[in-house]
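Written below as structure tokens is the structure these notes are about.
What follows is calculated from the coordinates using simple rules that are stated; it is not laboratory data. All values derive from a computational prediction rather than experimental measurement. Here Cβ is always computed from backbone atoms with ideal geometry, including for glycine, and neighbour counts include all displayed protein chains.
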Amino acid sequence: MVAAEVREIAAGVGVIAEQLQAELATQIDTLSHQTHAMANAAKGSRMVDLALNAIEIIDRNLYERTCDVRWWATDSAVVDCATTLSAEAVSHASRRLGVILDAYTVDLDLWLCGLQGRVIANGRPDRYAVTGLDVSREPWFTRAAMLASGDDFAVCDIAACNGLNGAQVATYAASVRADGESRGAARGVLAIHFDWAPQAEAIVRGVRIDPHEADRTTVMLVDANRRIIASSGRHDTLKHRFDLETANRSSGFYARKDGSTVAFHATPGHETYRGLGWYGVILQESEREV
């Protein structure tokens, strides 16, 4: 009788032990999933912050271009040249634009154009022989020619510029007005050609990626059409698109089917510059892919 009771108790203890082991395994599995999810969320948030950092830096740079072009369009040498078109005024304006470029090395050239879309003078004539070049069909010129005042500016997407030996540029333009007054009659258009490729590459390569993740992480800037306009990786910029899935969010991160993670942040703009719908993007391959 005693032996039977012992066996019954032992059997009960065994059942309880199995139940406890199953419950503990479930709890451990749940905790493991939660820990993994929290780690992924923290990692994703950090990547989003890095994407924001990249797009913010370029926004600040381009905001300065919008200020510069409107300011320089009021320079007396520029206004006189666009107004008189005399050889002396053209020479003076070219020298003046050259002085400006010597101080602003991030810009490739400054072009002063007439209202019909011909380049009148530029800051680096010894490097770029563009005087007389017809730019009337360039998007930046057509937009600048329609500006309401000298307080406004025009901009177009990143493009390779034939007049600058095929260099990739971000072009910002403003109207040159009579007497340098914002409401004066239009006399011409001044364009800044920002030296895009080296500046953008420095920004995406300067994002602080953890050293142990650097070989599987790519930092990119993509435009509103998802065209890659800068990349720290092997992408051929301006020729490829990135399939960014934002789900109508301004920022976030997601996992792709191949196991890689994508984080993104839309341009927040800077001061009066709203940006052009660009995104900072971080693409990180899974460890098993490397």
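For this structure, a couple of remarks:
- Point-to-point label distance, residue 240-residue 208, nm (Cα→Cβ direction, 7 Å offset): 2.8 nm
- Mean Cβ neighbour count within 10 Å, used as a protection proxy, ranking 190-198, 59-67, 251-259 highest first: 190-198, 59-67, 251-259
- Backbone HN-Hα couplings from phi across the range 158-168 [Karplus 6.51/-1.76/1.60, Hz, Gly and Pro as x]: 4, 8, 7, 9, 4, x, 10, 6, x, 5, 7
- One chain, two ends: residue 116 and residue 162. Fully extended at 0.36 nm per residue, the span grows by 14.6 nm beyond their Cα-Cα distance.
- Length available on full extension from residue 260 to residue 71: 0.36 nm per residue minus the Cα-Cα distance, which gives 63.5 nm.
- Treating r as the C-beta distance of residue 286 and residue 95 and R0 as 41 Å, the FRET efficiency rounds to 0.15.
- Computed on the range 212-271, with alpha-carbon pairs under 8 angstrom and 6+ residues apart, the relative contact order is 19 percent.
- The range 197-277: radius of gyration and largest Cα-Cα distance (Dmax), Å: 13.2, 40
- Orientation-averaged projected area, Cα convex hull of the range 64-198 (nm²): 6.9 nm²
- Taken along the Cα-to-beta-carbon direction at a fixed 7 Å, the label points for residue 142 and residue 49 span 4.4 nm.
- Gained length - residue 86 relative to residue 224, 0.36 nm times residue gap less alpha-carbon distance: 45.5 nm
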